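This is the structure I have questions about; it appears just below.
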Amino acid sequence: MATRSSISIRKGNKVTSIYCHWDGCLTYNGVLLLNHYTKTSKIEKLIALGSLSSLGKLIKPRKNTYYYKFNAFGNSMQRGYVKTDLPHTFDTPHRGVSNAYHRDSNEELEQYHSDNYFPNEGALQEYDYMWDVTLECWFFRHYSDNQWQELTEEIIEYAYYLEE
């Protein structure tokens, strides 16, 4: 089951947002955003991809890398990363690379723009993440309480604790 999220960038009262289908929880997308997306220029490049199937450490693929491969053996599946020269696509995603619907699956570019605080209020994702350009930090909220909080290492550590 997917943990859906949105990822946004806020400049003044302008917000641009994208949807992310998989792994939107604090202990995955929250960690990636806090540790690998800390410069406005990189976050703008991520948002420019449009909606994502999954977030990765990298925005674009590297050459001579690995991709995730499923191999069927009898009644079980063997999973692993295999060295490849194949291009990064939706069906052959490279290890650690964000998988974008528009770039990697030739779907329509999806971005949401708003002049108010948050563009897709009431949408069905569990987590929302927002980079504030002025404050240069991430904020998040969970659908259950709808309160924005700064995303910090302490909050992520607490989220890991709750998952145990």
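Which far-off residues, 5 or more places away or on another chain, put their amide H under 5 Å from the one on SER53, with H placed in the peptide plane?
Hits under the 5 Å cutoff: HIS21, ASN99, ALA100, TYR101.
Quickly rank 143-149, 7-13 as a protection proxy: mean count of other C-beta atoms within 10 Å, highest first.
Going from most to least packed, we get 7-13, 143-149.
Of LYS60/LYS83; LYS14/LYS39; LYS14/LYS63, which ones are farther than 28 Å apart at the Cα?
Check vs 28 Å cut-off fails for LYS14/LYS63.
Between ALA48 and ASN106, what length comes free when the chain is fully extended (0.36 nm per residue of separation minus the Cα-Cα distance, one decimal in nm)?
19.4 nm
Assuming R0 = 35 Å, can you tell me the calculated FRET efficiency for the pair ARG62 and GLU150, based on Cβ-Cβ distance, to the nearest 0.05?
Numbers: r = 32 Å, r/R0 = 0.91.
In this case the efficiency is close to 0.65.
Taking amide hydrogens as modeled 1.01 Å from N in the peptide plane, which residues meet the under 5 Å criterion relative to LEU58, leaving out close sequence neighbours?
VAL97, SER98
Also, quick follow-up: Using the Karplus curve 6.51 cos²θ - 1.76 cosθ + 1.60 with θ = phi - 60°, what ³J(HN,Hα) values do you get for each residue of the stretch 44-61, in whole Hz, with x for Gly and Pro?
Whole-Hz 3J(HN,Hα) from phi for the stretch 44-61: 4, 5, 5, 4, 5, 5, x, 4, 10, 7, 8, 8, x, 5, 10, 8, 10, x.
Rule-based calculations on the coordinates, nothing more; no lab input. Just so we're clear, the structure is a prediction, and the values are computed from it rather than from any experiment. Note: ideal-geometry Cβ built from the backbone for every residue, glycine included; neighbour counts use all protein chains shown.
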